[in-house]
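Beneath this line is the structure, given in structure tokens, with notes to follow.
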């Protein structure tokens with residue numbers, strides 16, 4: 001009888017000690033246009049995109065991940081950290097820009113004139129689910 005109880009306790013301890021499963025939810029940003037686009041994601045923690053003083057200093061020269069070529073898509077893996085960010089800070093925005101504009105137009109002008117292609121705001125996890133984890137342009 002003692003061996004049976006000991007075995008059951010060991011199984012319970014092993015099962016409860018397993019790490020929680022945190023699924024990845026890939027958010028697809030799909031570009032159906034004939035222009036290359038650039039995207040930024042920001043939350044209330046980061047502030048608004050137009051509050052960035054310089055896009056080069058903000059990106060650290062690493063644009064590749066954020067460029068979506070014509071008629072293609074990009075994926076941004078969302079984890080439970082996104083849920084935490086939404087709960088703590090209230091919103092997350094994805095802003096799409098014309099990539100040529102980012103490279104040729106001064107950032108200050110882009111900010112002042114709000115030269116963007118599209119902006120999508122998520123105020124809850126349900127907003128991500130409602131859009132089926134996709135942002136399309138146009």
Per-pair calculated FRET efficiency, R0 = 25 Å: residue 45 and residue 116 via Cβ, rounded to 0.05 = 0.75
Calculate the spin-label point distance for residue 129 paired with residue 69, positioning each point 7 Å from the Cα along the beta-carbon direction, and give it in nanometres.
-> 3.6 nm
Can you pull the semi-axes for region 20-137, root of five times each eigenvalue of the Cα gyration tensor, sorted largest first, whole Å?
-> 24, 17, 12
If we sort 84-95, 121-132 on the protection proxy, mean other Cβ atoms within 10 Å, highest first, what's the order?
-> 84-95, 121-132
For a paramagnetic label modelled at 7 Å from the Cα of residue 56 toward its Cβ, which residues of region 93-125 fall within the zone defined by backbone nitrogen distances under 17 Å?
-> 100-111
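Rule-based calculations on the coordinates, nothing more; no lab input. Since we're looking at a predicted model, the values are computed, not measured. Neighbour counts run over all protein chains shown; Cβ positions are idealised from the backbone, glycine included.
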